[in-house]
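Below: the structure, in C-alpha cells.
Please treat every number below as a calculation from the coordinates, not as lab data. Just so it is clear, the model here is predicted, and its values are computed rather than measured. Every residue, glycine as well, gets a Cβ built from its backbone with ideal geometry; the counts of neighbours run over all protein chains shown.
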Amino acid sequence: MPDPVIKRALVSVSDKTGIVDFCRELASMGVEIFSTGGTLKSLQQAGVAAQSISNITGFPEIMDGRVKTLHPKIHGGLLAVRENPGHQQAARENGIEFIDLVAVNLYPFEATIARADVSFEEAIENIDIGGPSMLRSAAKNNESVTVITDAADYATVLDEMRANGGATTRATRLKLAAKVYALTSRYDTAIAAYMAKAAGIESAGDTMTVRLEKELGMRYGENPHQSAGLYKMDDGNGVRSFGAIFEKLHGKELSYNNMLDIAAAAGIIEEFRGEEPSVVIVKHTNPCGVAQAPTLCEAWRKAFSTDTQAPFGGIIAFNRPLDMETAKAVNEIFTEILIAPAFEEGVLDLLMKKKDRRLVLQKKALPKAGWEFKSTPFGMLVQERDSKMVTPEELKVVTKRQPTGEELADLMFAWKICRHIKSNTILYVKNRQTFGVGAGQMSRVDSSKIARWKASEVGLDLKGSVVASDAFFPFADGLLAAAEAGVTAVIQPGGSIRDNEVIEAADANNLAMVFTGMRHFKH
C-alpha cells in the first residue's frame, strides 16, 4: 500500500517553537491547515494560510476553550481506516473529511505544578483533554496519519514529504506514534500523582506507573558480562535524571558502579549541606571516611585518616567549592571521582592533568521525597525514601548520665552517617570524624570488631569517642565491646526486649545513651 499523501493537517500546540515555519512549509506544499485558539492566531499573524477548526466541526469553541476538538468530524477524520469501504461510506454520509497530519503538544501540566505557588484550580485548568484524545486517535491510525508531539520532528517530516511526493514513510509514522503513547502515559502519570497527593494519599497505590527513558548508555553493568544503562525516571513525582543534578566536567565515561557510588556519596554529603566544611569518602557505596572541620582541607585530611587504604580509587564528595589547597591534598592519591558544588579558579586545570579521573559538578540538591524501587526476580519492591531524620530534641536519654554538648554533637554527626551504611552498622565517631566503620556484617558484634580493628590499623584512639548503631543492640555484649574500646556515649534506636539489660550495662560503665525511636536498616 502506498504511503498516503498529506493533504489536510490539524495543528494545536501550547509550545509554539518552530510551528510557524513548519506550517509555512506545509502550506507551500499545498497542505490545508486547520488550527485552534492561540495557535491559529499565531499562524494568521505570520501570514500562514490557516483556518479555524470550527470550519470542520461547524461548532464554535465553547466553555473557555475546554470544548473545541471533541467532535466526530475531528476524530472520524483521524480514525477512519482509508481502505475500509464501510469507513469510507460512513465518512461520506456524515460529511467527514480525512485528516492526514496532527501536530499537537499538551498543556504544560508538569511545568505548572512544579511552581511553588500554583493553586489547585490552576493545575486542573492545565489538564489537557482534547490534545491527548487527538494524539491517541492519530497514533492509533498510524497506518495513514502522521502525528507529531515534538518540534524536533518537524524537520524529519518535512524532509520525508519533499522526498516522497508529500507523504511520510510507514517507519517514521510508527516511531512518531510510539512517542505519542510515551508522552500521554507520562502526562497521565503526573496527573494521577498530583491528584493522589491532593487527596492526601501518601502510601504506594495498588498500581503504579513508572516511565523510564534512557539517558546514558554504559559499557557494562556491575560486571563486564552484564549490559546496563542509566534511565531517566518519572514516578509521578517529576522526572529524575542524572543531568538535572550533575554535570561531568572531565574524565572517562561513568560506569554503572560509578553511578551507585555517586548516589551514595552525594546522599551522605547532603546531610551536611549548609554546615561547616565536610568531606565524604565512599568505596563500594559505603563511607570509609567522613569528617567536618573549620577548613575543607582539614576535613579532607581527617576523613582520609579514618582509612588510608580504602580511599585509593574512591569517590570523594565535598559540601563546599573545592579550593586549591584541598585539591592539591586530594591529588596526592588516586581517586576515581570528585564531586563538588563548584571548583575554584585553577582547580580544574590541576585536577584535569589526570585524564581518567572523573570530575563531577553537583548543580543542585538531591530530591528527598518520592519512591525507591528495587527489582527482584519475582517483582518490584517499592518504598518511601528514607528521608526522615531525628532531631536532637526528639532524642530520648535513657541512662542516668546525660550526654555532654560535645558528645551530643558527635552523636548527631554519627547518626546522619550511620543511616547510609549497609546493615549491620557500627560506627565510631570522635570530634566530627569517623574513627571506625563496621558495615554489612551478619552480626552486630562483628561490625563492632571490624570498626575497632580499622581504627587500630591507622592508630586512631577510640577513647572518648561515641558509637552509633543503625538498629537496637539485641544484647548487652555489643555495648560492652564499645565500652571496652573507650566509648563514652551511644546512639541507637532502642526497641529490644532486652533494652533494660543494655541500659543497665551502660549505666554500669558510666555511658550516656540516647534512643532515636527510629531505625535505619539499609540492605
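Taking amide H positions as modeled 1.01 Å from N, with prolines and chain starts lacking one, the residues under 5 Å from PHE472 and 5 or more places away or on another chain are GLY494.
Among the listed pairs LYS248/LYS364; LYS214/LYS248; LYS179/LYS248; LYS302/LYS449; LYS283/LYS463, which are separated by more than 19 Å between their Cα atoms?
Violating the 19 Å limit, Cα to Cα: LYS179/LYS248; LYS302/LYS449; LYS283/LYS463.
Ranked by how many other Cβ atoms sit within 10 Å of their own Cβ, fewest first, the residues MET380, MET161 fall in the order MET380, MET161. The relative contact order of the chain, computed from alpha carbon pairs under 8 Å that lie at least 6 residues apart in sequence, is 9 percent. Candidates LEU462, HIS225, CYS288 compared by Cα position along the dipole of the chain: farthest toward the positive end lies HIS225, with charges placed on Cβ.
At a 10 Å Cβ-Cβ cut-off, how would you order TYR107, TYR428, TYR181, fewest neighbours first? Show your work: numbers first, answer last.
On the way: TYR107 18, TYR428 28, TYR181 13.
By the 10 Å Cβ count, ascending, the order reads TYR181, TYR107, TYR428.
Between ASN510 and SER456, the contour length at 0.36 nm per residue exceeds the Cα-Cα span by 17.1 nm.
Computed over the chain, the per-residue total of -39500 (n - 2.57) for DSSP H runs of n ≥ 4 gives a 222 nm mean residue ellipticity of -10500 deg cm²/dmol, rounded to 500. For segment 27-172, what does the alpha-carbon gyration tensor say about shape, rounded, prolate or oblate, given a ≥ b ≥ c as the root eigenvalues, a/c under 1.5 as rounded, and a/b over b/c as prolate? Prolate, since a/c reaches 1.5 and a/b exceeds b/c. Exposure proxy shown here: for VAL5, VAL13, the number of other Cβ atoms within 10 Å sets the order, fewest to most, as VAL5, VAL13. Helix 154-163 and the long axis of the chain differ in direction by around 40°, with both axes built from C-alpha atoms. Each Lys and Arg Cβ is given +1 and each Asp and Glu Cβ -1; about its Cα centre, segment 190-323 then shows a dipole of about 300 debye.
Taking amide H atoms as placed 1.01 Å from N in the peptide plane, the amide H of SER278 lies under 5 Å from those of ASN319, ARG320, each 5 or more residues away in sequence or on another chain. Structural descriptor for segment 449-505: relative contact order 39 percent, calculated from alpha carbon pairs under 8 angstrom and at least 6 residues apart. Rounded to the nearest 20 debye, the dipole size of the chain about its Cα centre is 780 debye, using +1 on the Cβ of Lys and Arg and -1 on the Cβ of Asp and Glu.
Let a ≥ b ≥ c be the square roots of the eigenvalues of the Cα gyration tensor of the chain; is it rounded (a/c under 1.5), or, if not, prolate (a/b larger than b/c) or oblate?
Values: a/c = 3.10, a/b = 2.34, b/c = 1.32.
It is prolate, given that a/c is not under 1.5 and a/b is the larger ratio.
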